[in-house]
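To start, the structure itself, in structure tokens.
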Amino acid sequence: MEIRERLGDQAGIASGYGNLGDLGQLRGELERAVRLRVSALAINIRLRVPEAAQGLAQLGELRTKMEADRFNAALDRSLDEASKANLLALLDDVKHDSVEDELGSPDDLYGIDTPPAPG
């Protein structure tokens, strides 16, 4: 990740955050997984790449696995209120088993500001 950050490889950084989110989820560290996947999603939205739809689906899966209060608390630590509201609205509007079919393009995902890098 450090090398990707020094090189400015935003797609690689997003991929790294997504992979770390996967690892966090496998380890049961769901709040950490949310934080990392939100970071990956924000970068992918900014880059306008199709991976944004996949990231939204993964966050939807995490939301389903976690209690609403716990998921929302994780978002509170990652996003400002407006971005959190936009993300929750997207998650409410999208069927997670067919995110890419429904969204078609990551352009539909705008309104989520890039959070600071997870630490």
Residue within region 60-68 that is assigned to a helix (DSSP H, G or I) and without any contact (Cβ under 8 Å) to a residue 12 or more places away in the chain present: yes
Enumeration of residues in region 22-59 that are small (Gly, Ala, Ser) and either in contact with a Pro (Cβ under 7 Å, 6 or more places away or on another chain) or without any contact (Cβ under 8 Å) to a residue 24 or more places away in the chain (or both): Gly24, Gly28, Ser39, Ala42, Ala52, Ala53
Qualifying residue in region 2-22 (condition: modelled with pLDDT of 90 or more, crowded, with 17+ Cβ neighbours inside 10 Å and touching a Gly at 6+ places or on another chain (Cβ under 6 Å)): no
Residue check, Leu56 touching a His at 6+ places or on another chain (Cβ under 9 Å) and either surrounded by 15 or more Cβ atoms within 10 Å (Cβ to Cβ) or modelled with pLDDT under 90 (or both): yes
Subset of region 69-85 [touching a helix residue (DSSP H, G or I) at 6+ places or on another chain (Cβ under 9 Å) and in a helix (DSSP H, G or I)]: Arg70, Phe71, Asn72, Ala73, Ala74, Leu75, Asp76, Ser83, Lys84
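The values are calculated or read from the model by the stated rules, or taken from the named source; none is laboratory data. Just so it is clear, the model here is predicted, and its values are computed rather than measured. Quick reminder, even Gly has a Cβ in these numbers, built from the backbone with ideal geometry, and neighbours come from all protein chains shown.
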